[in-house]
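Enquirer: Handing you this structure, nothing more for now.
The values are calculated or read from the model by the stated rules, or taken from the named source; none is laboratory data. Here the structure is a predicted model, which is why all the values come from computation and not from measurement. We place every Cβ from the backbone using ideal geometry, glycine too, and count neighbours over all the protein chains shown. The protein model used for the area step is the full one, side chains on, heavy atoms only, and it has no ligands, DNA or RNA in it. Shrake-Rupley method; radii C 1.70, N 1.55, O 1.52, S 1.80 Å.
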Amino acid sequence: ETQSEGEKQQKIIMNLSAIKAAQRAVTDGDIVVIFPEATRSETGGLRHPIPELGAYISFSDFVGPVGIDGADRVLPRNAKHPSRHPVSVSFGSLRPVATLKESYQDLPEGQRQRAMLDDIMVDIAKLLPPHKRGVYADRIV
């Protein structure tokens, strides 16, 4: 087995462990916060979410979008040390997951999950300045 295959297997194991831990936390009544892109983008613009986010949504009752602007300037990717820069955090309204599922009930599972994730990401994009909305900029009216 090459190191690349081993790294992929390790990532799958880590993701499954994280999903199970989050599911236990939600079952216990805790709130789980997830960064849907998994890391900061090079440009600071919003990117598509990691596919695993769909698993988290499947056992959640509500999703609360949060827009964070400025984190890419505080600690850019590949930076060794943070720098001083203002960061703003904006909170959107909670959305019932049941309503999201209902909106896309006629789609096959994979497409339904993708459509739900895109809706959530559009909610996040609405909380960001236009130049930070990234791949979701054209979905905001």
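Enquirer: Do you know which of the residues in the stretch 63-110 that are closer than 16 Å to THR43 by Cα and of a type in the set (D, E, K, R) is most open to solvent (accessible area, probe 1.4 Å)?
Expert: Filtering first and then ranking leaves ARG73.
Here's the yes/no breakdown for (1) farther than 22 Å from ILE50 by Cβ; (2) among the polar types (S, T, N, Q); (3) in contact (Cβ under 8 Å) with a residue 24 or more places away in the chain:
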| site | (1), (2), (3) |
| --- | --- |
| VAL66 | no, no, yes |
| ASN78 | no, yes, no |
| ARG84 | yes, no, no |
| GLY92 | no, no, yes |
| ARG95 | no, no, yes |
| THR99 | yes, yes, no |
| SER103 | no, yes, no |
| GLY110 | no, no, no |
| GLN113 | no, yes, yes |
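Enquirer: Please specify each residue of the stretch 127-141 satisfying the condition of being in contact with a Pro (Cβ under 9 Å, 6 or more places away or on another chain), assigned to a helix (DSSP H, G or I) and either within 12 Å of ASP69 (Cα to Cα) or at pLDDT below 95 (or both).
Expert: none
Enquirer: Just to be sure I understand, how many residues within the stretch 111-128 are open to solvent by 40 Å² or more (accessible area, probe 1.4 Å) and in contact with a strand residue (DSSP E or B) (Cβ under 6 Å, 6 or more places away or on another chain)?
Expert: Residues flagged as open to solvent by 40 Å² or more (accessible area, probe 1.4 Å) and in contact with a strand residue (DSSP E or B) (Cβ under 6 Å, 6 or more places away or on another chain) within the stretch 111-128 amount to 1.
Enquirer: Let me ask something else about it. Among the residues that make up the stretch 66-74, is at least one of them touching a Gly at 6+ places or on another chain (Cβ under 9 Å) and aliphatic (A, V, I, L, M)?
Expert: yes
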